[in-house]
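**Student:** Here it is, the structure in full.
Just so you know, all these numbers are worked out from the coordinates, no wet-lab data involved. Computed from a predicted structure; not experimentally measured. Here Cβ is always computed from backbone atoms with ideal geometry, including for glycine, and neighbour counts include all displayed protein chains.
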Amino acid sequence: MNITIIANIRSDRARKDGTCAIVLRILFNRKVVATESIGKYVKASDWDDIRRNVKRTHPNANVINAAIVYRTAEIQKLMNKFEVEQKTPTPAGIKNLLDGKDAGADFYKYCLEYIPIKYCKDDQSGTRQNYYSDLTKLRKYAPELNFYDIDFVFLEKYRAYLLMELKNQHNTVWKALKFIRTMFTSAIKAKVFRGEDPFLSFNRGKYEQASRNFMEIDDCKEIHKLLQSDITESMRDVGYYYLFMCYTGFRYTTATALFNYDMHVIKDTRIIMPPQKKGMEVNIYIHELLRPVLNYIRHHKIKMTSQHFNKYLKVIGTLAKIKVPLTAHVGRHTFGGILAELDTPIKVAQKLLGHKEIASTEIYFHMRDKSLDKAMKGFDSL
């Protein structure tokens, strides 16, 4: 452990009576990271630069030197926490210990313990996976991180790193910062972290409601044709699961976990799913386009991350000559777009999509220029 404690005097800040404060400088890798006064003062002529203590000729030499030794031992004991708790010292971590803050408030350790417990349900696997991705991204920026290291300046620098170096989009950055805030809120409630919440002064901005890409029904049929051709089994599996999302509006995690539920959720003509992501129960009629897709995925379970799923979709989109960049989200958005195209009553669409708030459903209807034109052309008959 490259931590050294050196006693010295502040000769550059002598008081009017000529005395200087005795301080302990804490060095990490030979660089001063903290300076602490012991509350004692002597003249420069009474200080021994070689022994790093007060000369014996000073009337209070024994008392002052004992104070230096005592406080040095106290600081050393604090620094030993890094070894006991198997933590790598950092300048911020050293300062936190001197300020009476816990060196054991390891941000990453807490996240790895909290995430799998809090987000353990099947329908939370997407959130769990996204948080692990956010954690990996943060760890590349700061390999060692204590809760007390995260302050306003840290958050500003991390946001700049995401925007400038990783070229992340606004909403991606917003979600990465939301992840950190979620962990802070939880740690404060659990009293793992007793410091000040940095998000009280830090503004991460607002989530920008982006326009949602979706395919036309003809695009779905083109993909279905591709799945009948000579492609790999993995690609075919991904394609059918994607069409399943296009025809039901199910999220990726729900679609891939479908057959982990009891089979009673799939009846002769309906698929009934419990509420997802705090939404409403979904009750889907098995229509003719959906039936062959459902028959296929009944016998082909897939286990892959959404990232791998999306990589396959990019290839499928290219082979099928789909203009929209395909992702798992586009499948669900396509279902919403088709509902709008069919002039489905918005309340019905809300229930089919499992939206708790109708504002989420309205987005699909606002995107459809044809629906808007049709509504306005109604005036022609007046």
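**Student:** For MET215, what residues show an amide H to amide H distance below 5 Å, using hydrogens built from the backbone and excluding near sequence neighbours?
**Tutor:** Excluding prolines and chain starts, which carry no amide H, the hits are THR334.
**Student:** Please turn the phi angles of region 221-229 into ³J(HN,Hα) values with the Karplus equation 6.51 cos²θ - 1.76 cosθ + 1.60 (θ = phi - 60°), one per residue in order, whole Hz, x for glycine and proline.
**Tutor:** Taking θ as phi minus 60°, the curve returns 5, 5, 5, 4, 4, 4, 5, 8, 8 Hz for region 221-229.
**Student:** Rounded, prolate or oblate for region 107-200? Axes are the square roots of the Cα gyration tensor eigenvalues, ordered a ≥ b ≥ c, and the cut-off for rounded is a/c under 1.5.
**Tutor:** In terms of gyration-tensor shape, oblate.
**Student:** Let me ask something else about it. Using DSSP to call loops (not H, G, I, E or B), can you name the trypsin sites (Lys or Arg not before Pro) in region 179-252 whose Cβ has at most 13 other Cβ atoms within 10 angstrom?
**Tutor:** Passing sites in region 179-252 are LYS191, ARG194, LYS206.
**Student:** Dipole size in debye (nearest 20) for the chain around its Cα centre, Lys and Arg Cβ +1, Asp and Glu Cβ -1?
**Tutor:** 1100
**Student:** Determine, from the Cβ-Cβ distance of GLU36 and ARG15 and an R0 of 22 Å, the FRET efficiency 1/(1 + (r/R0)^6), rounded to the nearest 0.05.
**Tutor:** With a Förster radius of 22 Å, E is 0.75.
**Student:** Continuing with this model, one more query. Is it possible to state the helix-based mean residue ellipticity at 222 nm for the chain, with each DSSP H run of 4+ residues giving -39500 (n - 2.57), the sum divided by total residues, to the nearest 500 deg cm²/dmol? What is it?
**Tutor:** -15000 deg cm²/dmol
**Student:** Further question: Within region 155-250, which chymotrypsin sites (Phe, Trp or Tyr not before Pro) sit in a loop by DSSP and count at most 12 neighbouring Cβ atoms inside 10 Å?
**Tutor:** TYR207
**Student:** Hey, fewest Cβ within 10 Å first, where do THR256, THR127 land in order?
**Tutor:** Ascending Cβ contact count within 10 Å gives the list THR127, THR256.
**Student:** Label-point separation (nm) for LYS314 and ILE358, each offset 7 Å from Cα along Cα-to-Cβ?
**Tutor:** A separation of 4.0 nm, rounded to one decimal place.
**Student:** For Cα pairs less than 8 Å apart in space and 6+ apart in sequence, what is the mean separation divided by the residue count of the chain, i.e. the relative contact order in percent?
**Tutor:** About 11 percent, as a whole number.
**Student:** Based on other C-beta atoms within 10 Å, arrange VAL33, VAL54 from fewest to most.
**Tutor:** Starting with the residue having the fewest Cβ neighbours, the order is VAL33, VAL54.
**Student:** Considering the dipole of region 107-200 built from charges on the beta carbon (Lys and Arg +1, Asp and Glu -1) around the Cα centre, which of TYR148, GLN129, PRO198 is farthest to its positive end?
**Tutor:** Going by the Cα projections, it comes out as GLN129.
**Student:** Given a cut-off of under 8 Å on Cα pairs at least six residues apart, what relative contact order in percent is computed for region 3-98?
**Tutor:** So the answer I get is 22 percent.
**Student:** I would also like to ask the following. In whole Hz, what ³J(HN,Hα) sequence does region 346-358 give by Karplus (6.51, -1.76, 1.60; θ = phi - 60°), x for Gly and Pro?
**Tutor:** 4, 5, 5, 4, 4, 5, 5, 7, x, 6, 6, 9, 5
**Student:** Same structure, new question: Could you give each residue of region 165-172 its phi-based ³J(HN,Hα) in whole Hz, using Karplus coefficients 6.51, -1.76, 1.60 with θ = phi - 60°, and x for Gly or Pro?
**Tutor:** 8, 8, 6, 5, 6, 3, 5, 5
**Student:** Order of VAL192, VAL153 from fewest to most other C-beta atoms within 10 Å?
**Tutor:** The fewest-first ordering by Cβ neighbours comes to VAL153, VAL192.
**Student:** Just want the answer: with Cβ charges of +1 for Lys and Arg and -1 for Asp and Glu, which residue in CYS220, SER45, LEU294 is farthest toward the dipole's positive end in the chain?
**Tutor:** About the Cα centre, the residue reaching furthest to the positive side is SER45.
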